[in-house]
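Chemist: Sharing a structure below in structure tokens format, with a few things to ask.
Where a number appears in this text, it was derived from the coordinates with a stated rule and is not lab data. Everything numeric here is computed off the predicted structure, so don't read it as measured data. Reconstructed Cβ throughout: ideal geometry from the backbone, glycine too, with neighbour counts over all protein chains shown.
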């Protein structure tokens with residue numbers, strides 16, 4: 001059966017969340033948004049492409065920073081309203097120059113920074 005991005009269940013803005021995970025380690029890197037065109041472009045090019053809600057434009061991850069995400073596999077969840085994008089990440093995934101976007105833990109009611117930005 002061939003895949004059609006239009007069969008996914010997008011929100012009212014035509015978007016769905018995409019969780020990026022490092023394919024080799026299983027490390028959760030980030031969450032961003034995709035529309036049907038971004039899904040199709042990612043599958044076509046192998047370079048992970050998101051929809052930037054703030055810029056209202058496509059965002060090829062790492063296009064300006066060099067911290068590319070290379071698609072290994074795309075998975076659809078059971079409700080077809082979320083994607084898991086398994087990637088090979090070049091450099092930090094977070095715009096703060098950290099390996100992952102989830103670098104703050106909440107422990108005993110306090111925020112704890114788990115990693116500093118890469119140099």
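Chemist: Would you mind telling me the antiparallel percentage of the DSSP bridges in the chain, rounded to 5? Walk me through the intermediate numbers first.
Modeler: On the way: 22 of 27 bridges.
If I count the DSSP bridges inside the chain, around 80 percent turn out antiparallel.
Chemist: Whole percent per 10 Å bin, from 0 to the bin with the longest distance: what is P(r) over all C-alpha pairs of the chain?
Modeler: For the chain, the pair-distance distribution reads 13, 44, 31, 11, 1.
Chemist: Which FRET efficiency value, to the nearest 0.05, do you get for residue 4 and residue 64 by plugging their Cβ-Cβ distance into 1/(1 + (r/R0)^6) with R0 = 30 Å?
Modeler: 0.45
Chemist: In addition: Rounded to the nearest 500, what is the 222 nm mean residue ellipticity of the chain from helices alone, with -39500 (n - 2.57) per DSSP H run of 4+ residues and division by all residues?
Modeler: Helix contribution divided over all residues of the chain: -2500 deg cm²/dmol.
Chemist: Highest mean first, what order results for 109-115, 73-79 on Cβ atoms within 10 Å?
Modeler: Details: 109-115: 9.3, 73-79: 12.1.
Output ranking for 109-115, 73-79: 73-79, 109-115.
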